[in-house]
Amino acid sequence: MTKSPMTFNNKLDLTFERIVDVPPHLVWRAWTEPELMKQWFCPLPWKTIHADVDVRPGGKFHTIMQSPEGHEHAGTGCYLETVKNERIVWTNALLPGFRPALANAPCGEDTEFMFTAMVEMSPHGENGTRYRATVIHADEAGAKKHADMGFEGGWGTALDQLVAMVKRGI
């Protein structure tokens, strides 16, 4: 796995790492093809009902998630870095085209914290991936709120769903 240029701060940042038994190029596809993202991106019983991505620096990262009660939660961000089959970095602090987001309305109306997310994938063994997700926050309150929302469990469940989808065949 390529070394990240960031320095981890345990007061501001959340991360988890796993080895999964699907290859990096299929993990990449799951993260970069909207129809695939809709199948795994948020933990069931929530659903991702819309995904619109332009996977290049400055490109759009937009999803709409739906709660089991039918409430929709939209999030929009901007890709900062994309390295095919290796790394995806995006933030909700910027809108597509690197346009600054309004400070009081990042990532949709319900999430009131700025973050930058990095998903790294590298080959592991013959057909596996070392997968690391790191989300860095602007302040301790944002990191705590994200942790309290279930960061590790939610992102872990979504990763399990991604792996199951790949194994069913994509």
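Of note:
- Every residue from segment 129-157 that is closer than 22 Å to Lys84 by Cα and either among the polar types (S, T, N, Q) or surrounded by 18 or more Cβ atoms within 10 Å (Cβ to Cβ) (or both): Thr129, Tyr131, Ala133, Thr134, Val135, Ile136, Trp155
- Given (1) free of Cβ contacts under 8 Å to residues at least 60 places away in the same chain; (2) touching a strand residue (DSSP E or B) at 6+ places or on another chain (Cβ under 8 Å), number of the condition Leu102 does not satisfy: (2)
- Members of segment 146-167 that are more than 21 Å from Gln66 (Cβ to Cβ), in contact (Cβ under 8 Å) with a residue 12 or more places away in the chain and out of contact with any Pro (no Cβ under 9 Å at 6 or more places or on another chain): Ala147, Glu152, Val163, Lys167
- Output for segment 42-56, where each listed residue is among the aliphatic types (A, V, I, L, M) and buried (at least 18 other Cβ atoms within 10 Å of the Cβ): Ala51, Val53
- Screening Gln161 on (1) assigned to a strand (DSSP E or B); (2) buried (at least 16 other Cβ atoms within 10 Å of the Cβ) shows it passes everything except condition (1).
- Considering segment 5-41, and only residues there that are in contact with a Ser or Thr (Cβ under 6 Å, 6 or more places away or on another chain) and surrounded by fewer than 18 Cβ atoms within 10 Å (Cβ to Cβ), the residue that is modelled with the lowest pLDDT turns out to be Thr15.
- Yes/no for Arg132 being in a loop (DSSP other than H, G, I, E, B), modelled with pLDDT of 95 or more and closer than 20 Å to Trp31 by Cα: no
- Single match in Lys60, Lys145 (criterion: in contact with a Phe, Trp or Tyr (Cβ under 7 Å, 6 or more places away or on another chain) and either modelled with pLDDT under 95 or basic (Lys, Arg) (or both)): Lys145
- Single residue of segment 37-67 satisfying the filter (assigned to a loop (DSSP other than H, G, I, E, B) and touching a Leu at 6+ places or on another chain (Cβ under 9 Å)) that is nearest to Asn92 (Cα to Cα): Gly58
- Selected residue (only one of Ile64, Ile19 is among the β-branched types (Val, Ile, Thr) and either in contact (Cβ under 8 Å) with a residue 40 or more places away in the chain or touching a Lys or Arg at 6+ places or on another chain (Cβ under 9 Å) (or both)): Ile19
- Only a single criterion out of (1) over 14 Å from Asp13 (Cβ atoms); (2) in a helix (DSSP H, G or I); (3) in contact (Cβ under 8 Å) with a residue 12 or more places away in the chain is not satisfied by Ala74, namely (2).
The values are calculated or read from the model by the stated rules, or taken from the named source; none is laboratory data. Given the structure is predicted, the values throughout are model-derived calculations rather than measurements. Here Cβ is always computed from backbone atoms with ideal geometry, including for glycine, and neighbour counts include all displayed protein chains.
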